[in-house]
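Below is one structure. I have some questions about it.
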Amino acid sequence: MADSDEDFVLSSSGDDRPKARGAGGGGGGGGGAAGSSRRSTRKSKRADGAPAPGATKREKWEDIQRSWDNVVEGADGSIAGTVIGLLEATKRKRLLRDTTPIQRGIIRHLVLILDLSSAMLEKDLRPTRFLLTLRYARDFVTEYFEQNPISQLSIIGMHDGLALRISDMGGNPADHLTALQEKAFTVEPKGASSLQNALEMGRAELFHTPTHGTREILLIFGALSSSDPGDIHDTINSLIEDRIQVRIVGLAAQVAVCRELVMKTNDGDDSAYGVILDEGHYRELMMAATTPPVTKTEEKSVPSLLMMGFPSRTVEKHESLCSCHSNLTKGGYICPRCTAKVCFLPTECPCCGLTLILSTHLARSYHHLFPLKNWVEVPWSEAHTSTHCWSCQSPFPTNQSQTSSIKIKIRNPSTTAATATASRSNGATTTSTAPKNDHQQQQQQPPQPPTQRYACTDCKTHFCIDCDIFTHESLHNCPGCQSLSEERVKARANMWPPSIGDGTADAAGEPTSSSMRTQVAEATKMLENSKIAPGSSMEVEN
Amino acid sequence: MDKVDGTEHYNFKAPADLATLQVIILDTNPLAWATFEKSSSLSFPAALSQLLIFANAHLAFSQSNRCAVIANHIDGVHFLSPADPGTDHRDPGEADLTPEDLKEIANQNASKYRVFRLLEDEVRASYRRLIKNTTPEAVMACPNSSYLAGALSAALTYINRICFGGTGGRSSGVPGDEKSKVNSAGGKVDETGRTMHAKILVVSVTPDPANQYIPVMNSIFAAQRLKVPIDVCKLRDSTVFLQQAADATGGVYMEPEHPQGLIQYLMMGFLPDHLARQSLILPTKVDVDFRAACFCHKKVLDIGFVCSVCLSIFCEPPQGAVCSTCQVKLDVTSLENIGKPVVLPPKKKKKKKAIDSLPESGVASAAESPVPTE
Ligand SMILES: [Zn+2]
Ligand SMILES: [Zn+2]
Ligand SMILES: [Zn+2]
Ligand SMILES: [Zn+2]
Ligand SMILES: [Zn+2]
Ligand SMILES: [Zn+2]
C-alpha cells in the first residue's frame, strides 16, 4: 500500500503529535501489542507477562513496502496497466469475502459505547476525535437500522469515569439520533474513561433481551487507560457468561486488556478488535459492525419462532392520537391484534406487546442470508467474448497487448496457467489478487494489463469493476442472472418462496391449450404490427 | 464549460444545477401487448411513439439531461438506448426501403432536433432488431415472462455508472474527501458524490414475476440507497411489487384509466424532475398492500410466525417446530399460550395433544385448530 511509507515519514517527524501512533503506523493493528501494553491499564499486567510473540519477528518498520517496487513496465514500456491493476486489486480486496450461505444473527441487540473522556479532545482526527466519533455514530445508527431493520440498539457514553446513558434499548433510529444530538453533542469530553462501568451498564441493558437475538457491544475506545472501580476480569467473565460479544475500535493504540476482552468474548478470535489508521479506516471498522455477525457453531442464541403482526397502513380524515407517542397524526399502522395505532414501524405494540413489522423489513435482511457469489477475474483468453460491461455499457479495454501476451504464453506457459488457477480460486476462497501480483513479480515477467472484466460464475456475464462492487455492496443481485434465464432464477428462488404470493396471477396467465392457437396467431400479428416503418411520423393523433 | 470561467466554485453548493438521467424500463412482451391492445385500443407502436415524445420532453428540459431505454423482453433484458455497442447497428428495417423512401425520411428528419432524432432512431432500430430475433414460438414458450428484477438491476448499475461515476453513492464521509471528488469528476457534484440525478420509469403490462421477489426487493432497496425514485405506469394487472417499489423509493404509481391518453399521464405525472416534485402533490397510491403472505400456503396474513434464523413467515407454528426453510429446530415455548382461550388452565397434557393433532398437510387454519370442549 502506498500509505505505508507516508506513515513512516509521519511518525519519524511527528514530534508535534501528542502521542505516537505506534501500533497503527506499521500498516496493521496486530503488531503493536508489545509496545502498547506498557501504556495499558494496570490490571492488564497479567497479560503483559506472557512473552510477546512479536519479539522474534522483524519489527514492522523494518519491513518497508515501497510502492514503486510493485510497478513493472509493460511490454510497451508504459505502466498504465500496472496502475490500473493495482487500483482494481485494492478495490477488490475489500470486496472478496466468504459468500457461502451462513447462519447469521439477523435479530440483533447491540450496545454502542462511545468514549467521551478527555482523550477524545485529541485533534489527530479532524476536526477532533470527539466530533468525528459522534458524526460516525450518527451514520452508524442509520446504517445499522438499514441493515438490521428488526434489531435494537442502545448507546452509552464513557464520561468522567462514569457510564453515561445516552439512549435506551430501542428499534427507532430517530430516537437514537435525537438522543445523540441532545445528550452526546452537548457533553464536554472530560476525565478518564471506565471500561468496567460502561461494560456493566451495557451488560445490564442486554440482560433482558430475548434469547433468540444476538447480544453485542461495540466499544469505541479513544483512551489508553481505564479507571475501574473493581476487577475488570470479573466483568469479562460475566460478559462471557451472558454470551455477549464485544467488538472494539481503538483510536490510539492497541491496549492489552481490550484485546483480551475481545478474544475472550469471541471464542479466542481477536479479529473484532481493530485500531484505526486514519479517518477512512475508522469508518470502515465502525461500519463493519453493521453486518450481522456469523452465528458460531456452539449455538450462542436459541432459534425460536416469533409471533409478529403485519399491520396495514391507514389514512384518516381527522387526526387522532398515536398510542406510541400520543401525538396527533393523520395516518399510521393499526395493530392487527388490538387495533392500537402506531406511527412508526418496526416497533412493539405499546398496548399488547406484539412485534409489528412490514414484510419489506424482513426482505431487507434476506441478502445477508443468501449473499451474492464473488465474481472472478476474466483471463485474456476469454476476454474476447465481450466488448463492454453488460450492465453499465462502459467499454472494456481491447487486447492491445495481444501479441505480447501470446509471447508470454510461448515462453512460459506455467505463468498463465498459474494466473488462471489463481483467478479461478478467487471464487471459492477469499484469496485476494495481491499474491498473484507477487507471483508475477517473482517471475520477472512484464505483467499483462488486467482485462478489467469480472464474470459471474453462474451466468458467465462480464461486468466492470464498478458494477462488481456496486452489485455486491448495494444491489445483491447479479443483473445477468436476473435477466438471462428463468430456470437459473428459479433454482435460486426455490430455496426462498416469494412472500407476496400470487398463485392467482400465475394461474390467470397460464394459457389454456384451447386458446393456444389463437394466441400464436395474435403473437404473430403483434410482431408484424410492431415492425414500425423507419422514420414513421412521431405525432400522435389527439 | 463552467470550469473555464471559474463559476464552478460558486455554484457547486447548489444541487439544483444537476441534470437528470431518465431510465425507461419498457415491457416489450408482444403477447401481453396484443392482449392489452384488445382491451384498451392502445397499440404498442402508439405507446412507443408517446414514450419517445415523453423522453424527448425530458431531453428538452436541459442540454445535459440524458435518457436510457431498457426493454424487458421475453428472453431477457436488452438496452434499446444506448444500444448494445457489441451488436450490429444497422437498422433491419432500412433494407426494405427504396432510395426514394430514404430521401423522404431524411427530408422529414432534417428539421428535427438532433438529440431527439438520435434517441428515436436508436430506440426504433434496436427495437426492430429485437423483434426480428423473436419468433412467435418463443413468445408462446414464455407468455408471461418478465425480467423485472434484471431490468431494475441493469438500470441501477447504469445509473451508478452515469450518475455516481461507479462509486455507489457512498460518500466516504471522511472530511476533505468531497473536494477530491469534485476535482476527479470534473463537474458539479452534490454532497453524496452524484453528478446527475436519476429516475426510473417502469411501463409495465406484465404481471408480477412471483419468483423474483427477493431480487426485486433487493433492487428496490438499492434504489432507495441511491435515492432514485422508481415511477410506475402500470397499464394492466395491478401489482404488489411495483406498488411497493414506488412507495419505498418515493416514486409515482399510476394505473391510467384511459390508456389511449398515455402521453397525458406521462407528461403530467412522470415528467417533473426531483426539484419540481418537491412543490407538487403527486398522484400516488396511498393504500399499499404491505401484508406478508405465509411461505407455506401463500395465505395473506395479519399475524404470522417468523423463524428467527431465516425469517421465513408461517401462518402457524410449523410441524414438529422445525422450520421448513432452514431445517432448524425452533423454540416454541414462548408461543404456547397463544391462540388459546386465556381462561384455559395450562395443563401439560392438553398442550401436547394440540401439537400432536396438527394435520399432516399443515393446512389447518386457526379456526380449525383443536379447541378444548371439556
Ligand atoms: Zn407515535
Ligand atoms: Zn397491539
Ligand atoms: Zn459496468
Ligand atoms: Zn450472474
Ligand atoms: Zn401457511
Ligand atoms: Zn428458518
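Of all residues in the range B:234-259, count the ones that are over 12 Å from the mean Cα position of the chain (by Cα), open to solvent by less than 20 Å² (accessible area, probe 1.4 Å) and within 14 Å of chain A (Cβ to nearest Cβ).
Number satisfying all stated conditions: 1.
Looking only at the range A:208-247, how many residues end up being surrounded by fewer than 17 Cβ atoms within 10 Å (Cβ to Cβ) and of a type in the set (Lys, Arg)?
Residues meeting the conditions: 1.
Could you go through the range A:195-207 and let me know if any residue there is open to solvent by 10 Å² or more (accessible area, probe 1.4 Å), in the same structural domain as A:ARG259 (by TED's automatic domain parsing) and not in a helix (DSSP H, G or I). Reasoning before the result, please.
The first filter runs over the range A:195-207 and keeps only residues open to solvent by 10 Å² or more (accessible area, probe 1.4 Å), leaving A:196-197, A:200-201, A:203-205, A:207.
From what's left, in the same structural domain as A:ARG259 (by TED's automatic domain parsing): A:196-197, A:200-201, A:203-205, A:207.
Still in the running and not in a helix (DSSP H, G or I): none.
No - not one qualifying residue is present in the range A:195-207.
In the range A:326-340, what residues are more than 9 Å from every other protein chain (Cβ to nearest Cβ) and either assigned to a helix (DSSP H, G or I) or under 28 Å from B:PHE221 (Cα atoms) (or both)?
Once the filter is applied, which keeps residues that are more than 9 Å from every other protein chain (Cβ to nearest Cβ) and either assigned to a helix (DSSP H, G or I) or under 28 Å from B:PHE221 (Cα atoms) (or both), the range A:326-340 yields A:THR329, A:LYS330, A:GLY332, A:ILE334, A:CYS335.
Looking for whichever is more than 16 Å from ligand 6 (Cβ to nearest atom), hydrophobic (A, V, I, L, M, F, W, C), open to solvent by 20 Å² or more (accessible area, probe 1.4 Å) and closer than 30 Å to A:PHE470 by Cβ here; the options are B:LEU280, B:LEU275. Which one fits?
Numbers: B:LEU280 fails: closer than 30 Å to A:PHE470 by Cβ.
It is B:LEU275.
Follow-up question, since we're still on this one. Just a yes or no: is a residue in the range A:281-297 within 16 Å of ligand 5 (Cβ to nearest atom) and either closer than 30 Å to B:CYS310 by Cα or outside any loop (DSSP other than H, G, I, E, B) (or both)? Steps first, answer last, please.
Quick first cut of the range A:281-297, residues within 16 Å of ligand 5 (Cβ to nearest atom) only: none.
Scanning the range A:281-297 turns up no residue that is within 16 Å of ligand 5 (Cβ to nearest atom) and either closer than 30 Å to B:CYS310 by Cα or outside any loop (DSSP other than H, G, I, E, B) (or both).
Quick one: in the range B:59-73, of everything that is assigned to a strand (DSSP E or B) and not hydrophobic (A, V, I, L, M, F, W, C), which residue is surrounded by the fewest Cβ atoms within 10 Å (Cβ to Cβ)? Give the derivation first.
Going through the range B:59-73, the residues assigned to a strand (DSSP E or B) turn out to be B:66-73.
Subset that is not hydrophobic (A, V, I, L, M, F, W, C): B:66, B:72-73.
Numbers: B:ARG66: 20, B:ASN72: 28, B:HIS73: 26.
Filtering the range B:59-73 for residues that are assigned to a strand (DSSP E or B) and not hydrophobic (A, V, I, L, M, F, W, C), the one surrounded by the fewest Cβ atoms within 10 Å (Cβ to Cβ) comes out as B:ARG66.
I need a count of the residues in the range A:192-250 that are among the hydrophobic types (A, V, I, L, M, F, W, C) and within 14 Å of another protein chain (Cβ to nearest Cβ).
0
Still on this structure, please answer the following. Taking the range B:99-129 only, how many residues are among the acidic types (Asp, Glu) and closer than 22 Å to B:ALA60 by Cβ?
Number satisfying all stated conditions: 3.
Oh, and also: Going by the structure shown, is A:MET286 open to solvent by less than 40 Å² (accessible area, probe 1.4 Å), at the interface with chain B (Cβ under 8 Å from one of its Cβ atoms) and at pLDDT 85 or above?
So A:MET286 does not fit the description; no.
Now a separate question. Looking at the range A:309-317, can you tell me whether even one residue there is part of a strand (DSSP E or B), open to solvent by 20 Å² or more (accessible area, probe 1.4 Å) and either of a type in the set (A, V, I, L, M) or within 16 Å of ligand 5 (Cβ to nearest atom) (or both)?
yes
Turning to a different aspect of this structure: For A:THR291, only one of the following conditions fails: (1) among the polar types (S, T, N, Q); (2) in contact (Cβ under 8 Å) with a residue 40 or more places away in the chain; (3) touching a Gly at 6+ places or on another chain (Cβ under 8 Å); (4) surrounded by fewer than 16 Cβ atoms within 10 Å (Cβ to Cβ). What is its number?
The single condition A:THR291 does not satisfy is (3).
Here are some residues: B:VAL228, B:VAL240. Which one is touching a residue at least 40 places away in the same chain (Cβ under 8 Å), touching an Asp or Glu at 6+ places or on another chain (Cβ under 8 Å) and of a type in the set (Val, Ile, Thr)? Spell out the reasoning first.
On the way: B:VAL228 fails: touching an Asp or Glu at 6+ places or on another chain (Cβ under 8 Å).
Result: B:VAL240 is the single residue among B:VAL228, B:VAL240 that is touching a residue at least 40 places away in the same chain (Cβ under 8 Å), touching an Asp or Glu at 6+ places or on another chain (Cβ under 8 Å) and of a type in the set (Val, Ile, Thr).
Here's another thing I want to ask about it. Does the range B:210-218 contain any residue that is modelled with pLDDT of 85 or more and of a type in the set (Ser, Thr, Tyr)? Full working, then the answer.
Pass one, the range B:210-218, residues modelled with pLDDT of 85 or more: B:215-218.
Within this subset, residues satisfying the condition of being of a type in the set (Ser, Thr, Tyr) are none.
Looking for residues that are modelled with pLDDT of 85 or more and of a type in the set (Ser, Thr, Tyr), one finds none in the range B:210-218, hence no.
Moving on to the next point. Examine the range B:292-310 for a residue that is among the acidic types (Asp, Glu) and open to solvent by 60 Å² or more (accessible area, probe 1.4 Å), and state whether such a residue exists.
Looking through the range B:292-310, at least one residue is among the acidic types (Asp, Glu) and open to solvent by 60 Å² or more (accessible area, probe 1.4 Å).
Could you tell me which numbered condition B:ALA223 fails, if it satisfies all but one of (1) more than 10 Å from chain A (Cβ to nearest Cβ); (2) open to solvent by less than 10 Å² (accessible area, probe 1.4 Å); (3) of a type in the set (A, V, I, L, M, F, W, C)?
Unmet condition: (1).
Out of all the residues in the range A:341-356, which are more than 10 Å from ligand 1 (Cβ to nearest atom) and part of a loop (DSSP other than H, G, I, E, B)?
A:LEU345, A:PRO346, A:CYS349, A:CYS351, A:CYS352, A:GLY353, A:LEU354
Those residues that are open to solvent by less than 10 Å² (accessible area, probe 1.4 Å) and either outside the structural domain of B:ILE25 (by TED's automatic domain parsing) or farther than 18 Å from B:ASP27 by Cα (or both), I need them from the range B:195-212; list them, please.
Result: B:ALA198, single match.
Going by the structure shown, is A:THR339 more than 16 Å from ligand 4 (Cβ to nearest atom) and on the phi > 0 side of the Ramachandran plot? Spell out the reasoning first.
Details: more than 16 Å from ligand 4 (Cβ to nearest atom): yes; on the phi > 0 side of the Ramachandran plot: yes.
For A:THR339, the condition - more than 16 Å from ligand 4 (Cβ to nearest atom) and on the phi > 0 side of the Ramachandran plot - is met.
Return a yes/no flag: does the range A:366-379 have any residue that is buried (at least 19 other Cβ atoms within 10 Å of the Cβ) and closer than 12 Å to A:MET308 by Cβ.
no
Each row is one residue, and each column tells you yes or no for (1) free of Cβ contacts under 8 Å to residues at least 12 places away in the same chain; (2) more than 16 Å from ligand 2 (Cβ to nearest atom); (3) part of a strand (DSSP E or B); (4) more than 22 Å from A:THR295 (Cβ to Cβ).
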| site | (1), (2), (3), (4) |
| --- | --- |
| B:LYS298 | yes, yes, no, yes |
| B:LEU311 | yes, yes, no, no |
| B:PRO317 | no, yes, no, no |
| B:GLY320 | yes, yes, no, no |
| B:GLN327 | yes, yes, no, no |
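The values are calculated or read from the model by the stated rules, or taken from the named source; none is laboratory data. Values in this document were obtained by computation on a predicted structure and should not be read as measured data. As a convention, Cβ positions derive from the backbone with ideal geometry for all residues, glycine included, and neighbour counts pool all protein chains shown. Just the protein is used for accessible areas: all its heavy atoms, side chains included, with ligands, DNA and RNA removed. Shrake-Rupley method; radii C 1.70, N 1.55, O 1.52, S 1.80 Å.
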